[in-house]
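Visitor: Can you keep this structure in mind? I'll have questions shortly.
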Amino acid sequence: MTIGLLGATGRMGEAIKALTPTKDIAQIADGLPPGIDVLIDFSGPEATAAAAKLCAEAGVPLVTGVTGLSDDQQASVRSASTHIPVVQSGNMSLGVTLLKELVRIASATLRDFDIEILESHHRHKKDSPSGTALLLGEVAARARDTALSEAARFERHGRDNARKTDEIGFAVRRGGGIYGEHDVSFMSEGEVISLSHQALSRQAFAQGAITAAHWILDKAPGIYWIDDVLELGEAHRS
C-alpha cells in the first residue's frame, strides 16, 4: 500500500513519516500523483476541501484529521464521501475515542450536572476550541438530546455571566509545546467528576491515522469516524 501524505512538513506529517513510508504531496492543484492507494491529510481546511474533491475524482480513499473546516469546506468533504470512503476525525487517538464513550455515558447518566470542557494545546495551534473539545461537546450534548449549537458557551466576560441550565462551557489554554490535553468535568452542588486525556506525543495520533488508512481500503463510500476503525461504540457512517 502506498500512502499519500498531505501536510507532510507539519508536525503531524513528520510524526506519520517517522512511523511508515509515505509519498509526500506538496501540491495538489493539478491532481493527485499516480500510484496513491490512500491519502492521509493533516494540512489545513482549504487544502482539505480541495483534496476531498480530487480524491473523489481519482477514487482514492481519504483519511483527514484537519479541524476548523467551514460549512462550505465540510460540504466538500461530505460530497466526496458519496464517491469514496472518508475517515474524518478531530482526534485519531485510541484514548480520546474511549474518552468520548465515557463522556457519553456520564452526560446521559448525570443529567442534572453542569458540564465544562477545558482544553490545552501548544502555542501554534490556530483553531479554538480544538476539534477534539468540540467533538466531546457534541457527544455530551447529543447524550442529553440537544444540539451543541444550542448548549455551547464559548465566552464568559463581564458581570452578567451566571451559568444557564443545560449549558456546556468551553475554556481554552494555549502555550508552550503541549500536544493536547482535554478535561470534561461534571459538577453538582455536592461533587465533581472529571474525565481527562493527555497526549504525551504525536505518535498516538499518527498511529491512529495509519491504522485508519489500512482499514479504509475496502470500505464503502461514506464518512466514518475513528470509532468505526477501532470498533468502539456505535458506527457513525453518514
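The values are calculated or read from the model by the stated rules, or taken from the named source; none is laboratory data. Given the structure is predicted, the values throughout are model-derived calculations rather than measurements. All Cβ positions, even for glycine, are placed from backbone atoms using ideal geometry, and neighbour counts span all protein chains on display. Ligands, DNA and RNA are excluded from the accessible area calculation, which covers all protein heavy atoms including side chains. Shrake-Rupley method; radii C 1.70, N 1.55, O 1.52, S 1.80 Å.
Visitor: Could you check which residue among ILE105, ILE226, ILE36 shows the biggest mean-square fluctuation in a GNM of the chain with a 10 Å Cα cutoff?
Guide: Sorting by GNM fluctuation, first place goes to ILE105.
Visitor: If each residue of separation counts as 0.36 nm, what is the full-extension length gain between GLN203 and ARG111 once their alpha-carbon separation is subtracted?
Guide: My answer for the length gained is 29.6 nm.
Visitor: Moving on to the next point. Before rounding to the nearest 500, sum -39500 (n - 2.57) across all DSSP H runs of length at least 4 in the chain and divide by the residue total; then give [θ] at 222 nm in deg cm²/dmol.
Guide: Calculated mean residue ellipticity at 222 nm is -10500 deg cm²/dmol.
Visitor: Dipole size in debye (nearest 20) for the stretch 110-238 around its Cα centre, Lys and Arg Cβ +1, Asp and Glu Cβ -1?
Guide: 640 debye
Visitor: Another one. Count the DSSP beta bridges whose two residues both fall in the stretch 85-238, then state the antiparallel fraction as a percent rounded to the nearest 5.
Guide: If we restrict to bridges inside the stretch 85-238, about 55 percent are antiparallel.
Visitor: Pull out the extension gain between MET187 and LEU102, defined as 0.36 nm times the separation in residues minus the alpha carbon to alpha carbon distance; nm, one decimal.
Guide: Length difference between fully extended and current span is 29.1 nm.
Visitor: What is the dipole size for the chain, taken about its Cα centre, with +1 at each Lys and Arg Cβ and -1 at each Asp and Glu Cβ, in debye to the nearest 20?
Guide: For the chain, the charge dipole is close to 500 debye.
Visitor: Further question on the same structure: For the stretch 104-193, what percent of Cα pairs sit more than 16 Å apart?
Guide: 54 percent
Visitor: Principal axis extents for the stretch 47-122, Cα atoms only, whole Å, descending order, please.
Guide: 48, 26, 23
Visitor: Which residue, VAL38, VAL172, VAL96, tops the fluctuation ranking in a GNM of the chain built on C-alpha contacts under 10 Å?
Guide: Judging by the Gaussian network model, the answer is VAL172.
Visitor: Under 15 Å between alpha carbons, and skipping anything fewer than 8 positions from LYS100 in its own chain: which aspartates and glutamates qualify?
Guide: Partners found: GLU116, GLU119, GLU138, GLU181, ASP183, ASP227, ASP228, GLU231, GLU234.
Visitor: Please report the net charge: other residues with Cβ closer than 9 Å to the Cβ of LEU118, K and R +1, D and E -1.
Guide: Here the charged neighbours net out to -3.
Visitor: Of ILE40, ALA75, ILE226, which is farthest on the positive side of the dipole of the chain, counting Cα position, with +1 on Lys and Arg Cβ, -1 on Asp and Glu Cβ, and the Cα centre as origin?
Guide: Of the options given, the answer is ILE40.
Visitor: Fully extended, how many nm does the chain gain between HIS157 and SER70 (0.36 nm per residue separation, minus their Cα-Cα distance)?
Guide: Additional length available on full extension: 28.7 nm.
Visitor: Mind checking which lysines have their C-alpha under 29 Å from LYS53, skipping anything on the same chain fewer than 8 residues away?
Guide: The reachable lysines, counting only those whose Cα sits under 29 Å from LYS53, are LYS17, LYS23, LYS125, LYS126, LYS219.
Visitor: Okay, next question. With springs connecting C-alpha atoms under 10 Å apart, model the chain as a Gaussian network and identify which of LYS100, LYS126, LYS17 has the largest mean-square fluctuation.
Guide: LYS126
Visitor: With a sphere of radius 13 Å drawn around the Cβ of ARG173, what net charge do the other residues whose Cβ falls strictly inside it have (Lys, Arg +1; Asp, Glu -1)?
Guide: Result for the local shell: 0.
Visitor: What FRET efficiency comes out for the pair ALA171/GLU46, r = Cβ-Cβ distance, R0 = 30 Å, nearest 0.05?
Guide: It comes out at approximately 0.60.
Visitor: Got a sec? What order do MET12, MET92 fall in by accessible area at 1.4 Å, biggest, i.e. largest, first?
Guide: Highest to lowest solvent-accessible surface, that is MET12, MET92.
Visitor: Quote the FRET efficiency, to the nearest 0.05, computed for ARG144 versus THR82 with a Förster distance R0 of 22 Å and r equal to the Cβ-Cβ distance.
Guide: Calculated value: 0.10.
Visitor: Taking only the alpha-carbon positions of the stretch 147-238 and ignoring solvent, what does the Debye formula give for the base-10 log of I(q)/I(0) at q = 0.25 Å⁻¹?
Guide: Taken in order of the listed q values, log10 I(q)/I(0) reads -1.27.
Visitor: Near GLY90, within a Cβ-to-Cβ distance under 14 Å, what is the net charge of the other residues, with Lys and Arg +1 and Asp and Glu -1?
Guide: Local charge sum for GLY90: -2.
Visitor: Using all Cα-Cα distances in the chain, what percent lands in each 10 angstrom bin from 0 up to the longest?
Guide: Each 10 Å bin holds this share of Cα pairs: 7, 32, 35, 19, 6, 1, 0.
Visitor: Size of the dipole of the stretch 161-201 about the Cα centre, Lys and Arg at +1 and Asp and Glu at -1 on the beta carbon, nothing else charged, in debye to 20?
Guide: That gives a dipole near 260 debye.
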